[in-house]
Amino acid sequence: MATQEVRPRVIVVADTSPINYLVLMEHIEVLPHFYGTVAIPPSVWEELQDIHTPPVVRIWVANCPPWLEVRSCSALPTLRSISWTKANAKQSH
């Protein structure tokens, strides 16, 4: 039986809406619970700090937890690599 490489779970959030609304609903803790690390591109980080973003969200982002990482787009997984990972996971079970 081949050993399977265990990778940390990472979800990439490419839009501000999920973080924005989860902070507003006081349920942001579901993201690390289900996904571990949450990666956002710099453009999302900047938009979450925009003057038009609700103050509670801007405060949360200014004091964001360690599970939220800002990564350049080149450092984020591509859809192809995500699909390949899912296909491999199905085949190994």
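The values are calculated or read from the model by the stated rules, or taken from the named source; none is laboratory data. As the structure is a prediction and not an experimental result, all values here were calculated from the model. Cβ atoms come from the backbone with ideal geometry, glycine included; neighbour counts cover every protein chain shown.
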Taking only pairs six or more apart or across chains, which ones have beta-carbon atoms under 9 Å, a first residue in segment 43-56 that is over 19 Å from Ser72 (Cβ atoms), and a second residue that is surrounded by 13 or more Cβ atoms within 10 Å (Cβ to Cβ) and of a type in the set (S, T, N, Q)?
Asp50/Thr16; Thr53/Thr16; Thr53/Asn20; Pro54/Asn20
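Being part of a helix (DSSP H, G or I) and either over 16 Å from the mean Cα position of the chain (by Cα) or at pLDDT below 65 (or both) is the filter here; which residues of segment 74-84 pass it?
Ala75, Leu79, Arg80, Ser81, Ile82, Ser83, Trp84
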